[in-house]
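**Q** Structure in C-alpha cells, see below.
Bear in mind that the values in this text are calculations on the coordinates, not laboratory data. Everything numeric in this text was worked out from a predicted model, so none of it was measured. Here the Cβ positions follow ideal geometry from the backbone for every residue, glycine too, while neighbour counts run over all protein chains shown.
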Amino acid sequence: MTQLLRSAVPIMILLALATFVAMTNGPALALVLVVLIGLGSVPFRLRRNFRDAAETETPVELTSAGVSRRRAMKQLGLGGAGLAVPAAIGVPTIIDSWKAEASASPATGPGGRIRQWGMIIDLRRCDGCQSQGTPPQCTLACIEGHFAPEPMEWIEIYEAELAGGGTQFIPAPCMQCQDPPCVNVCPVAATFSTPEGPVLIDQDRCIGCRLCMAACPYDRRFFNWGDPPIPPEALLADYSPEHQAPAKKGTVMKCDFCPEMARAGTLPFCIQACPNDAIYYGDLEEDIATNGREVVSFSDYLAENNSYRLKEELGTQPRVHYIPGHGELVGRDRETEGRMDTRWPWIERVKGAVTWQR
C-alpha cells in the first residue's frame, strides 16, 4: 500500500494541475495535460514492476566477503547492463589490487606533497662509456637489475650525428610522459600513470595487442614474442608492475623509472652504474635532483644549461630532460665514433635465447 501511494502522488499532482489549467486556460490545454499524465504513468508502473521482479526473481550471489553481487552493484551505482561491457573488455574497477598497490602509498616530501620523479641526462658527461672500454654501463645495470630479456635495452644509448660533424651519445629510457599516448590507447588499462609520475605496465592485464607500442613516439616499449630468455633467479622474484620480473610471454615491457627504489632512498640502477655521473634523478615537487655525488636545483640546472626534451612539439610532456653536449666534460672527442655492443650477462646459460630486431 505504501508503494502504491508513493507511485500515485505524482499523478495526483498532475491531475490537480490539469484542473487548474481547465479553469483558467480552457479545456483544450487541459485535455493535452491529461494525455501526458496517462503517458507519464507508464514509467512509474514499469519501474515498479521491474523492481518487484528483481526483488523476487534475482538470485542472491554471495562473495567471499558475504555481500551479494546485486547489493554490491547497487552500492557502487552500477546496473547489470553498465557492468557487462567493462567486464567484457577488461576496464578496471575500483577493486583492482594492482592499481591500489601502485597508488596507495606514494612517496611524499618533507612538506607532505607527493613526489614527482624526473630525470636529467647531461650529455656533456656521456661518452657512451668509450672511456671505460665497455658497453654502456647504465644499460648493463638496468638489464641485470630488472632481468630484462634480450634484446631489450630499457635505457638504450643511441649515437646521433651532430650538425657540425661528429657524433653524440643519447641515453634513452622511457620518457615517462605526463600526457602519455600509450596510456590513452590501451584498451584494457594495463598501462597507467601513477601519482608519482612514472608510467607502469601490468603484465597480468596486458593482452599483447601492442597498441601502446604503436602509439609511443619514442620507441621505448618492447614485446615478448616468445618465452623470454631470463636467468633462473628471475623466477624467484615477486612480480609487481613497479619491478617487472619475471618477464612474461605475450606482454609489453619497458623502463619503469625504479619508483620503488626511489621510495627506499636508493637511486635507480642506471644512475648508480654511470661512471661519469651523467644522469640525475630527482623530485620536481621539491625541486632537487642528484647524480649520487652532488645535489642540484632541478629547475636551475635545466634553465642554466639550455635543457630540452625529445619531441617536445608532440605535447607529451616528458619527465626526462637533456643538457646538450657530446661528452666534452669527460674528455670525449666528438669525432670518436662507435660504442661497444650490449651483452646480456646470462645469455649463454639461458636455453633458447634468441635475438630479434625491431
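**Q** Using θ = phi - 60° and the Karplus form 6.51 cos²θ - 1.76 cosθ + 1.60, what ³J(HN,Hα) does each residue of the stretch 150-166 get, whole Hz, x for Gly and Pro?
**A** Couplings: 5, x, 6, 10, 5, 10, 9, 9, 8, 9, 10, 6, 8, 4, x, x, x Hz.
**Q** For a Förster distance of 30 Å, can you work out the FRET efficiency between the beta-carbons of residue 264 and residue 284, rounded to the nearest 0.05?
**A** Values: r = 19 Å, r/R0 = 0.64.
Computed FRET efficiency for residue 264 and residue 284: 0.95.
**Q** For residue 248, give me every one of the aspartates and glutamates with a C-alpha distance below 18 angstrom, ignoring sequence neighbours fewer than eight places off in its own chain.
**A** Hits, sequence-local ones excluded: 144, 150, 153, 202, 204, 227, 233, 238, 256.
**Q** With a cut-off of 8 Å between alpha carbons and a minimum separation of six or more residues, what is the relative contact order of the stretch 209-348 in percent?
**A** 13
**Q** Okay, next question. Fully extended, how many nm does the chain gain between residue 343 and residue 299 (0.36 nm per residue separation, minus their Cα-Cα distance)?
**A** Taking 0.36 nm per residue and subtracting the Cα distance, the gain is 12.3 nm.
**Q** Round to the nearest 0.05 the FRET efficiency obtained for residue 314 and residue 188 when R0 = 22 Å and r is the Cβ-Cβ distance.
**A** 0.35
**Q** A follow-up question, please. Convert each backbone phi in the stretch 266-273 into a coupling constant with the Karplus relation 6.51 cos²θ - 1.76 cosθ + 1.60 (shift: θ = phi - 60°), then list the ³J(HN,Hα) values in order as whole Hz, x for Gly and Pro.
**A** Karplus values, whole Hz, x for Gly and Pro: 10, 6, x, 4, 4, 6, 4, 8.
**Q** Of 225, 346, 117, how do they rank once you tally other Cβ atoms within 10 Å and put the fewest first?
**A** Arranged by neighbour count, lowest to highest, 225, 346, 117 become 225, 346, 117.
**Q** Turning to a different aspect of this structure: What is the Cα centroid distance between the stretch 147-181 and the stretch 243-299, reported in whole angstrom?
**A** What the calculation gives is 15 Å, centre to centre.
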